[in-house]
Amino acid sequence: MMELYHNDLSICAQKVRLALAEKGLAFESRHLDLKIGESHSPDYLKLNPKGVVPTLVDRGRPIGESTIINEYLDEAYPEHPLRPADLLERTDMRRWVMLTDTGLSGACGLVSFAIAFRHEYTMAPTWKAPEKRAARAVLIEKGLEHPGAPQAVLAYDQFLSDLARQLDQSPWIAGRSFSLAEAALIPYVRRLEDMALAWMWEEAKDRASITRWYAACKARPGFRGISDWAPQALHALMKEKGLEARPRMEELLRAARAPS
Ligand SMILES: N[C@@H](CCC(=O)N[C@@H](CS)C(=O)NCC(=O)O)C(=O)O
């Protein structure tokens, strides 16, 4: 059976679990605790030299990078295809998946940490890279007052605008079918919901298509890749801190949207 090295709340791991669940593929779970640095153990670094999750081990070979893992899964296990048959829809799918590796992932990490995780995480002893330790220390201290927060909030907000516009035109992100674009992007919407920030689309008239789409996503088998792994205690903290953060988030959004 395939093995998946992952973490319950990791966005990149959620993305792969979503694809696995949607395709009905079972896996042996190898859950790593990122806050104590388990992804930096010498044994794990042999599988994933970057020390990050997820890593899939299939046919005796480790595969890293969530985008590559999902493409691999869909090629290796063609039942319940997650890449549109239409070439242009498939191209669209890849463009949307790319968003996660070109800014959205960093924005999500900063916003999540600034609002919620900084209240839970302490410095992992195995975070050896000095620049990483220093960056985390500033985020833990400053939260949404971090100098990178306005840019990260703006990027997340822009993503929601783009997503809503796309979903005004088609039922799913890449056209007529649920695809790897959903697997890649649902976790980013879910993260906002986990932090009680669903008002960012639910209270915006021009983002109603996200509400419709997200309800349809939740009804899919793939969603279990997130919901089956939801850590209850951390969720309570994320919600509490997200509710507290709403006024500051609204201020940052007003500033980000104001014409310069
Ligand atoms: N580009 C990679 C990013 C993986 C990544 O950054 N994973 C994070 C969790 S979402 C991680 O393992 N962080 C642990 C650490 O940096 O110590 C992918 O898509 O798989």
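The values are calculated or read from the model by the stated rules, or taken from the named source; none is laboratory data. Everything numeric here is computed off the predicted structure, so don't read it as measured data. All Cβ positions, glycine included, derive from the backbone under ideal geometry; neighbour counts span all protein chains shown. The area values use the complete protein model at the heavy-atom level, side chains included, leaving out ligands, DNA and RNA. Shrake-Rupley method; radii C 1.70, N 1.55, O 1.52, S 1.80 Å.
Points to keep in mind about this one:
- Test result for Asp101, of a type outside the set (A, V, I, L, M, F, W, C), in a loop (DSSP other than H, G, I, E, B) and within 12 Å of the ligand (Cβ to nearest atom): no
- Glu250 vs. criteria touching a Ser or Thr at 6+ places or on another chain (Cβ under 7 Å) and open to solvent by 40 Å² or more (accessible area, probe 1.4 Å): no
- Within the stretch 64-108, the set of residues being in the same structural domain as Ala19 (by TED's automatic domain parsing), among the β-branched types (Val, Ile, Thr) and buried (at least 19 other Cβ atoms within 10 Å of the Cβ) comprises Ile69 only.
- The lone criterion from (1) part of a helix (DSSP H, G or I); (2) within 14 Å of the ligand (Cβ to nearest atom) left unmet by Gly51 is number (1).
- Leu160 in a helix (DSSP H, G or I), away from the ligand (no atom under 12 Å from the Cβ), in contact with a helix residue (DSSP H, G or I) (Cβ under 6 Å, 6 or more places away or on another chain) and open to solvent by less than 10 Å² (accessible area, probe 1.4 Å): yes
- The stretch 63-77: number of residues that are free of Cβ contacts under 8 Å to residues at least 12 places away in the same chain and in contact with a strand residue (DSSP E or B) (Cβ under 7 Å, 6 or more places away or on another chain): 1
- Matching entry among Asp194, Asp157 (being more than 19 Å from Thr102 (Cα to Cα), acidic (Asp, Glu) and under 20 Å from the mean Cα position of the chain (by Cα)): Asp194
Conditions (1) at pLDDT below 95; (2) of a type outside the set (S, T, N, Q); (3) part of a loop (DSSP other than H, G, I, E, B), marked per residue:
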{"position": "Tyr5", "(1), (2), (3)": "no, yes, no"}
{"position": "Leu9", "(1), (2), (3)": "yes, yes, yes"}
{"position": "Cys12", "(1), (2), (3)": "no, yes, no"}
{"position": "Ala21", "(1), (2), (3)": "no, yes, no"}
{"position": "Leu25", "(1), (2), (3)": "no, yes, yes"}
{"position": "Arg30", "(1), (2), (3)": "no, yes, no"}
{"position": "Lys35", "(1), (2), (3)": "yes, yes, no"}
{"position": "Ser39", "(1), (2), (3)": "yes, no, no"}
{"position": "Lys46", "(1), (2), (3)": "no, yes, no"}
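- Taken over the stretch 70-81, the criterion of being within 16 Å of the ligand (Cβ to nearest atom) and in contact with an Asp or Glu (Cβ under 9 Å, 6 or more places away or on another chain) is satisfied by Tyr72, Leu73.
- One residue from Ala196, Ala233, Ala183 being at pLDDT below 95 and either under 22 Å from Leu9 (Cβ atoms) or loosely packed, with under 15 Cβ neighbours inside 10 Å (or both): Ala233
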